[in-house]
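Data block below; observations after.
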Amino acid sequence: MKAVGARLPRYDAMGHVTGTTQFVDDVRVPRMLWAKMLRSPHHHAAITRMDTSRAEAMPGVRAVITWEDVPLLTYGHLEALGIPADEPLLAKDEVRYKGQPIALVAAEDVDTAMAGVDAIDIEYSERPALFDVRKAFDSDSAQIHPWGNWYPHFEGEMDRRKIRKGDIDEAFEQADKIISGVYRPAAIEHVPVETQVCLAVPESDGRLTIYSCTQALYFTMGVIAAHLQVPLNKLKVVGGTVGGGFGGKVDTASDTVSALAAMKAGRPVKWRWTREEEFLASSTRAPWHMEIIDAVTDNGWILGRKMLTLHDSGAYARFSPYGVTKHSFHHTGAYTIPNLHFDGYVVFTNRVPTTAMRGFGVTSISFAVETHMSRVANELGMDPYEVRLLNANRINDTSPNRIRYTDPSTVDVLQSLAGAEGVQLEGAYAGMTRDPRSGDLLPDHLVGQLKTEGH
Amino acid sequence: MAVHRGRGIAAIEYPTGMNQNGDPSQAWIKVKPDGRIDVFSGTADIGNGAKTIQSQIVADTIGVPYEWVTFDNSNTDSSPVCTGTFASRATFVAGKAVLKAAREVQRKLLDVAAQEMEISPEDLEIEDGRVSVKGLPDEGMDVGEVAGAAVYGHGILVTGTGAQLNPYAAFTDPGTGEVDSPPHAAISYAGCVAEVEVDDVTGEVRVTKLTQSYDVGRAINPSLVEGQIQGGAIMGLGLGVLETSYPYYPSVEHRGSGFGSYYAPSPLDMPDLETIIIENPSEDGPYGAKGIGEMANNSQPAAIATAVYDAIGVWITELPITPEAVLKALDKKAAGEDQPRRDGKMVIFDEDLSVNTVGAGLQWTA
């Protein structure tokens, strides 16, 4: 029997549904300590004083980890892609979001660890905070980072991701209608059943075994090794079985600090986030602010699109510049629009840092583009299937990056939905295929584009 | 006072693999003396079924029963590099790594069998755990015998390695977004029709049905593909009408801190689901597959927002579409304040939400 194409049961299904699969929190080892984190109670503040000596002296407390214990305090998850680091592993002299980690206490049991956290003497001086990306550019806005409120390091040191294609002014000139709208999906939680959790075990050979819930074993190992300034052969990351991630466990949120505590205490350390920490201090899906202005003709062609995106990165960049770049590459959706002018900013606020989540960068644009498409159809008095089929990307059309589409299926997908819904498409639309454009479906504005790009 | 029904459509696309590529996945395989197969891959299984899909690919590529395959992704000592389980890359990118490793294993098994049978390896094939002569299915040996001969007769270790890396797509002109090669491993396509009921007294939006169509390239495991599509649909429903981390925004206080105060979709929110799978094989995915894990929650919010408009005639473009948002929108409609501003050929929706209205530092217009 062929396996490919077969409805085989999941490899791990029986273990999952009978509760016998071993997840990170199921791993218990002798002499294991429990950890708790001191987190910022403020959205934005300077730390004016911190003294951990009272916590360190408590019976049962075995290690207290602060920024001073981290060999490389600030390391960016995407430094290899040229995105500079901006987030300390543990806060040093300022905090930029409520819940930001400051100091970890490892103790013989959870209650002692919590008591140790409470025994840390710390004082803050609160600062004004910013929560609306639309106000980040105002002269009287709270200042989040020394360099400003938006990310300045896109390739060429641009302060935004730009897409420029064709002649946007000409498209707007030729348009019969210019239709604009604003789209604002919310921040949401990843809600994994398994909260963030790590067990770090110092081994007798000097290595560290890290039981991790990461979605990316090697990625996480690289991040830990960078912070600890150790070669990869000092670390063994154990994982691969994750109790739900949805993007939130690409961030290395618990492993590095747990490793530091295990090294300092010389004992295994488990740090398991509570459900409340998972909801309030873990990263979220970003809330995005998107404005679309489409230049359209009365017979349904989209000649050009001007778009502004303000991506709420929260307090730190993490994966946000990557997400905005991906977003920009897909801002025409499943359609071919020859004239484009896109500006996308990574904007900092004092919300919790936002990060990857299922559909990263594109979930937002799909909502914006498709709701806008429905509005355009409505304004033009056109059938929503037909306006989509007309503009659907076809073989040899090009993406916002000038990459030729080789196997687009927008036409097939729309026709199959029409079939399922009992919608009768007009002859030309019923007979459409994804093959290269010709005849009435290759209007002048697309002829020009295909010519200039040499296809 | 009534419940209003509406319907809305959305069509989407989504890339497979990390944006701009440059994301390696690697795997290696060894064969036990009885022909059983051990796969070592660094791909975490986050519930997406990576262990199953990669095992299916290995089983068919070598030609052994699925049950013979053991999949180990448990640690970085024994497993090689995998960039990770995100970017819809586990089936397509990591799947190609195990596919390549399995091809090498098959070639080595055929070499050993050919020597045992004194025949050219080109004349042999493997299926269902048996090596046989092409055209003569009764002539052959079990893969277990071949594997045993390799260990105890020929003194060799049968292994295979595979690596997949799509080259990094660099900007040729960052000022325009132009790149020098495809910035994705593949693109997948999907669409959704949402049916909703909107209660104009309570403001509640109920999503009653989601009809969805996905081009998955090739369904390596149709049950798992349907699981992704249906699970994703419920996440998309959450995005559309239920979930927000900051329910009192612009205040950021009183966030949901548990399952009772954060409204993730529950079984009571489940709509009827109809799923259509299209198989337009990708040019170079494993067995023609594309990745659709992430896009599964991308189409529903727009389809739902459009269906709400179809039901009650108001566009709500801030998510989620809560009862409060619906009632406020209906109030605006009753007051005649829901229409876009029209100025010549300009049709301007949502002016109150624009950065031009709310902020002062960034003016952005057509």
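Numerical summary
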{"item": "Those residues of segment B:325-351 whose amide nitrogen sits under 13 Å from the label point placed on B:A366, 7 Å along Cα→Cβ", "result": "B:340-351"}
{"item": "Inter-part distance where segment B:331-359 and segment A:380-455 are each reduced to a Cα centre, Å", "result": "31 Å"}
{"item": "Relative contact order [Cα under 8 Å, 6+ residues apart], chain A, whole percent", "result": "17 percent"}
{"item": "At least 50 Å² accessible surface lost relative to isolated chain, residues of segment A:204-251 (1.4 Å probe)", "result": "A:Q215, A:L217, A:Y218, A:G240"}
{"item": "Pairs from A:K2/B:K290; A:K177/A:K326; A:K162/A:K249; A:K2/B:K134; A:K2/B:K108; A:K236/B:K108 whose Cα-Cα separation, in the structure shown, is over 24 Å", "result": "A:K177/A:K326; A:K162/A:K249; A:K236/B:K108"}
{"item": "Mean-position separation - Cα centroids, segment A:290-304 and segment A:234-256, in angstrom", "result": "43 Å"}
{"item": "When the convex hull of its Cα atoms is projected in every direction, mean area for the protein assembly as shown (nm²)", "result": "36.3 nm²"}
{"item": "Rounded to 5, percent antiparallel among DSSP beta bridges of the protein assembly as shown", "result": "75 percent"}
{"item": "Rounded to whole Hz, the Karplus (6.51, -1.76, 1.60) HN-Hα couplings of segment A:91-105, x for glycine and proline", "result": "4, 9, 10, 8, 10, 10, 8, 5, x, 4, x, 10, 8, 9, 10"}
{"item": "Tilt relative to chain B, helix B:50-62 - C-alpha long axis, 0 to 90 degrees, to 10", "result": "40 degrees"}
{"item": "Over segment B:31-155, volume per residue of the alpha carbon convex hull, in Å³", "result": "102 Å³"}
{"item": "Spatial extent of segment A:204-257: Rg and Dmax, with the Cα atoms as the point set, Å", "result": "10.9, 35"}
{"item": "Percent accessible area from carbon and sulfur atoms, the protein assembly as shown, protein chains only, probe 1.4 Å", "result": "50 percent"}
{"item": "Percent breakdown of C-alpha pair distances by 10 Å bin, ordered from the shortest bin, for segment B:238-366", "result": "9, 27, 31, 20, 11, 1"}
{"item": "Förster radius 30 Å - calculated FRET efficiency between A:R28 and A:L81 (Cβ-Cβ, nearest 0.05)", "result": "0.20"}
{"item": "Taking the C-alpha atoms of segment A:1-115, convex hull volume expressed per residue in Å³", "result": "224 Å³"}
{"item": "With eigenvalues of the C-alpha gyration tensor scaled by 5 and rooted, chain B, Å", "result": "53, 22, 18"}
{"item": "Test item: B:292-300 mean partner chain Cβ contacts at 10 Å", "result": "5"}
{"item": "Solvent-accessible area buried by pairing B with A, both sides, nearest 100 square angstrom, 1.4 angstrom probe", "result": "11100 Å²"}
{"item": "List of segment B:242-262 residues, accessible area with partners at least 50 Å² below that of the chain alone (1.4 Å probe)", "result": "B:Y246, B:Y249, B:V252, B:R255, B:S257, B:F259, B:Y262"}
{"item": "Where the protein assembly as shown is the region considered: accessible area per residue in Å², 1.4 Å probe", "result": "35 Å²"}
{"item": "Per residue convex hull volume, Cα atoms of segment B:134-246, in Å³", "result": "313 Å³"}
{"item": "Segment A:404-415 - phi-based ³J(HN,Hα) in whole Hz, Karplus 6.51/-1.76/1.60, Gly and Pro as x", "result": "6, 6, 9, 8, x, 10, 4, 4, 4, 5, 5, 5"}
{"item": "For segment A:231-284, the Rg and Dmax computed from alpha carbons only, in angstrom", "result": "12.8, 35"}
{"item": "Nearest-10 value in Å² for the accessible area of A:H42, using the 1.4 Å probe", "result": "40 Å²"}
{"item": "Estimated [θ] at 222 nm from DSSP helical runs (n ≥ 4, -39500 (n - 2.57)) normalised by residues in the protein assembly as shown, nearest 500", "result": "-7500 deg cm²/dmol"}
{"item": "Rg/Rg_globular for chain A, with Rg_globular taken as 2.2 N^0.38 Å and Rg from C-alpha atoms", "result": "1.15"}
{"item": "Beta bridge orientation in chain A: antiparallel %, DSSP, nearest 5", "result": "75 percent"}
{"item": "Shielding of B:78-84 by partner chains, average beta-carbon count, 10 Å", "result": "4"}
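The values are calculated or read from the model by the stated rules, or taken from the named source; none is laboratory data. None of these values were measured; they are calculated from a predicted model. Glycine gets a Cβ as well: all are built from the backbone with ideal geometry, and neighbour counts include every protein chain shown. Accessible surface areas use protein heavy atoms only, side chains included; no ligands, DNA or RNA. Shrake-Rupley method; radii C 1.70, N 1.55, O 1.52, S 1.80 Å.
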